[in-house]
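Below: the structure, in structure tokens.
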Amino acid sequence: MSDKSFNAFKMAQHQFDEVAEQLGLDQGTKELLRTPSREYHFTIPIRMDDGSYKVFQGFRVQHNDARGPGKGGIRFHPQETIDTVRALATWMTWKCAVVDIPLGGGKGGVICDPHNLSMREQELICRGWVRQIVRNVGPLQDVPAPDVMTNAQHMLWMMDEYEKIMGGKFPGFITGKPVGSGGSLGRTEATGYGAVYTLREALKEHKVDTKSTTASFQGFGNVSQYAIELYHQYGGKTICVSSWDQEDQTSYSFVKEDGIDLEELRGITNKFGGIDKDKAKELGYSVLSGDKWIAQDVDILFPSALENQVNAETIKAIKPRVKFVVEGANGPTTPEADKFFFEKGIFVVPDFLANAGGVTVSYFEQVQCNMNYFWEKEEVLTKLDQKMTSAFHAVYNLAKKKNIFMRDAAYMIAISRVAEASKLRGWV
Ligand code: GLU
């Protein structure tokens, strides 16, 4: 989001157009699916702690709900734009379709920086967001969830506001809630673990032993932390993680050649995934300024921060040893970088497949809320593994059969499912 010329929605449309052409979609379906069906822009006025008033800008975009209610997170970010939300809503449609869960695509956002907001101010933003959109979201319409810089606490405030307005209990209104308040065990781990299930399958297909591999991660938020946890359980070694430094407004990469210690780093990390530089140095990490995570001599790159991080510029630093890229973030890789990966034979697990674990367990959370019966963590993670593994192999087999890039194969499966549902409903 730092590069002003980058437009995530243009990128999402470009990716769609290419595959729509290859699939030979008719003109009506193409037009329908390249644009969100509905979008809402609204203001959220807040009385700040110092007594002043501030008006925040909020969004919700519903891309397509042919296969089920809209689904997708709400981001709090100072550089949020409507086009970013449009892109993310579109990717949610493909994400739910590729793992074959009965949900559509939506995304929301508020332009704000939680680093500079008290918990009370954040609570008011959450409640204000719900009040402004209450008629257009809900368990049967569009179901929000956490995303960048929002978490279970934000979800619970939002649910509470929704229930107060509606006058009843509606745990299916939102997912990613705290365990014990309608949340599912395993939801926190889901996105990171899900990505590593797909990596495990990719390595198996290429006959690579996880224990012989090393990785570098961009970002140290929820996705990275749990991806690293499972990757280490499988025997992998992480050489580098990067993290955003709020004070310096830049990111730093933390390198340890003999492998990072996850728990040690977690102990010196704030709730936004920001690692304390001085403490890291004391613990023996080399702290490099800028995006050195991508320049590491490793087998696997794991971009798990924001969009547009792997682009024509940054790929120049990629070392020949890199053979796998697993996209924990949404939209991290631009089409120019995709071309480079394709030419170099680097295997990519594309974002809306790799990071679909979060929404998959959100779906399980809804199922459990509807039954009012909550599963053990083991059961949640086993079901997640099954979903991710079968989605991975469907995409992998198609990519192999047609000799195409994994991203295109994932798009083909997802777009075909959504196109068919839209057609059967008589929309196009
Ligand atoms: N925000 C997450 C994503 O981008 C999760 C969405 C959800 O659980 O609905 O996939």
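Within the group 364, 352, which residue is out of contact with any strand residue (DSSP E or B) (no Cβ under 7 Å at 6 or more places or on another chain), under 30 Å from residue 403 (Cβ atoms) and in contact (Cβ under 8 Å) with a residue 12 or more places away in the chain?
352
Restricting to segment 287-334, what's the tally of residues that are assigned to a strand (DSSP E or B) and basic (Lys, Arg)?
Residues in segment 287-334 being assigned to a strand (DSSP E or B) and basic (Lys, Arg): 0 in total.
May I ask you to list the residues in segment 263-284 that are more than 21 Å from residue 151 (Cα to Cα), open to solvent by less than 70 Å² (accessible area, probe 1.4 Å), not in a loop (DSSP other than H, G, I, E, B) and not small (Gly, Ala, Ser)?
Within segment 263-284, 264, 277 qualify.
Which members of segment 24-37 meet the condition of being of a type outside the set (Gly, Ala, Ser) and surrounded by 16 or more Cβ atoms within 10 Å (Cβ to Cβ)?
25, 29, 30, 32, 33, 34, 36 - these are the residues of segment 24-37 that are of a type outside the set (Gly, Ala, Ser) and surrounded by 16 or more Cβ atoms within 10 Å (Cβ to Cβ).
Filter segment 159-174 for residues that are open to solvent by less than 40 Å² (accessible area, probe 1.4 Å) and either more than 16 Å from the ligand (Cβ to nearest atom) or in contact (Cβ under 8 Å) with a residue 40 or more places away in the chain (or both); which is farthest from residue 117 (Cα to Cα)?
Ranking the candidates gives 168 first.
Based on what the data block shows, is residue 323 more than 16 Å from the ligand (Cβ to nearest atom), open to solvent by 40 Å² or more (accessible area, probe 1.4 Å) and more than 16 Å from residue 241 (Cα to Cα)?
yes
Note down all Cβ pairs under 8 Å where the first residue falls in segment 65-83 and is within 16 Å of residue 39 (Cβ to Cβ), the second is away from the ligand (no atom under 14 Å from the Cβ) and of a type in the set (Asp, Glu), and they're at least six residues apart or on different chains.
82/39
Suppose we filter 215, 190, 227 for residues that are out of contact with any strand residue (DSSP E or B) (no Cβ under 9 Å at 6 or more places or on another chain), under 28 Å from residue 303 (Cβ atoms) and surrounded by 22 or more Cβ atoms within 10 Å (Cβ to Cβ); which single one remains?
One residue alone meets the criteria, 190.
Which residue pairs have Cβ atoms under 6 Å apart, sit 6 or more places apart or on different chains, and have a first residue in segment 97-118 that is over 30 Å from residue 246 (Cα atoms) and a second that is of a type in the set (Gly, Ala, Ser) and open to solvent by 10 Å² or more (accessible area, probe 1.4 Å)?
102/68; 103/68; 104/68
The values are calculated or read from the model by the stated rules, or taken from the named source; none is laboratory data. What you are looking at is a predicted structure, and each value in this text was computed from that prediction instead of being measured. Backbone-built Cβ (ideal geometry, glycine too); neighbour counts: all protein chains shown. Just the protein is used for accessible areas: all its heavy atoms, side chains included, with ligands, DNA and RNA removed. Shrake-Rupley method; radii C 1.70, N 1.55, O 1.52, S 1.80 Å.
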